[in-house]
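Trainee: Take a look at this one; I'll ask things after.
The values are calculated or read from the model by the stated rules, or taken from the named source; none is laboratory data. Fair warning: this is a prediction, and the values are worked out from it, not measured in the lab. In this analysis, Cβ positions are derived from the backbone assuming ideal geometry, glycine residues included, and neighbour counts consider all displayed protein chains.
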Amino acid sequence: MSYEMRPPLVADERTQLIGWLDLQRALVRRKLDGLAGADEHRPVLPASPLMTPAGLVSHMRWTEHCWFNVIFLGEPESDNPQFRKEPQSADMRVDGVPLARLLDEFEAQCERSNEIVAAHSLDDVGKDPEYAPTLRWIMLHMLEETGRHVGHLDAMRELLDGQTGYY
């Protein structure tokens, strides 16, 4: 990965937002490339047993779904495990699910999220009756959320097998 992965230096707001978010999304797979199968579901933080590479990828997929599909479009919460009361953190409970499948599901959700963004104004307001941010706010939040979790993956990877890298 190189500087060519970054969005253009001069572009409209939508292009910049999608470009930076897509870069962070692409880094998810990049950070996990070559990870040993035995490490896919291995926790590295003693107080956070669900914080595994696989669990975090699943969480990121369902967070995309939460913000773009549920909060913005108003689709049912029942389709998303983040809204379940039990078990707690259901979106991160993915024992036995291969990381490759979770990455594919994450990327498919990201494509769907980009379709939603393409079909709406950044000033459009979400349909969730209690919490209705603009699409712009959601994009900025997802950029922050995804970037933060890429940092988590970076640290996890270093703790699991010593792999490091800017990208």
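Trainee: Do any residues in region 148-167 that are farther than 17 Å from MET51 by Cβ and free of Cβ contacts under 8 Å to residues at least 60 places away in the same chain have Cβ atoms under 7 Å from those of residues that are surrounded by 13 or more Cβ atoms within 10 Å (Cβ to Cβ) and of a type in the set (Asp, Glu), where the two are at least six apart or on different chains, and which pairs are they?
Mentor: THR164/GLU158
Trainee: Give the residues of region 68-92 that are part of a helix (DSSP H, G or I) and hydrophobic (A, V, I, L, M, F, W, C), sorted by residue number. Reasoning before the result, please.
Mentor: Just the residues of region 68-92 that are part of a helix (DSSP H, G or I), to begin with: 68-72, 77-79, 81-83, 90-92.
Passing the criteria: PHE68, VAL70, ILE71, PHE72, PHE83, ALA90, MET92.
Trainee: Just give me the residues in region 93-130 being closer than 15 Å to HIS65 by Cα and part of a loop (DSSP other than H, G, I, E, B), in sequence order.
Mentor: Within region 93-130, GLY126, LYS127, ASP128 qualify.
Trainee: Please enumerate the residues belonging to region 117-165 that are farther than 19 Å from GLU13 by Cα, surrounded by 15 or more Cβ atoms within 10 Å (Cβ to Cβ) and among the β-branched types (Val, Ile, Thr).
Mentor: VAL150
Trainee: May I pose another question? Output the qualifying pairs, or none if there are none: Cβ atoms under 8 angstrom, residues six or more apart or on different chains, first residue in region 22-38 and farther than 20 Å from SER113 by Cα, second residue assigned to a helix (DSSP H, G or I) and not hydrophobic (A, V, I, L, M, F, W, C).
Mentor: LYS31/ASP154; LYS31/ARG157; LEU32/PRO53; LEU32/ARG157; LEU35/PRO53; LEU35/ARG157; LEU35/ASP161; ALA36/ASP161
Trainee: Residues of region 36-63 being more than 30 Å from ARG136 (Cβ to Cβ) and either in a helix (DSSP H, G or I) or touching a helix residue (DSSP H, G or I) at 6+ places or on another chain (Cβ under 6 Å) (or both), which ones?
Mentor: GLY37, ALA38, ASP39, GLU40, HIS41, VAL44, LEU50, PRO53, ALA54
Trainee: Of the conditions (1) within 26 Å of LEU23 (Cβ to Cβ); (2) surrounded by fewer than 19 Cβ atoms within 10 Å (Cβ to Cβ); (3) touching a residue at least 60 places away in the same chain (Cβ under 8 Å), ARG112 satisfies every one except a single condition; which number is it?
Mentor: (3)
Trainee: Further, regarding this structure: Can you find, within region 98-154, the residue that is nearest to LEU32 (Cα to Cα) among those that are out of contact with any Ser or Thr (no Cβ under 9 Å at 6 or more places or on another chain) and of a type in the set (Phe, Trp, Tyr)?
Mentor: This residue is TRP137.
Trainee: I've got another one for you. When you look at VAL57, is it modelled with pLDDT under 95 and within 25 Å of ALA155 (Cβ to Cβ), yes or no?
Mentor: For VAL57, the condition - modelled with pLDDT under 95 and within 25 Å of ALA155 (Cβ to Cβ) - is not met.
Trainee: Working carefully through the options GLU13, GLU75, GLU64, GLU86, find the one that is touching a Ser or Thr at 6+ places or on another chain (Cβ under 8 Å) and among the acidic types (Asp, Glu).
Mentor: From the options GLU13, GLU75, GLU64, GLU86, the qualifying one is GLU64.
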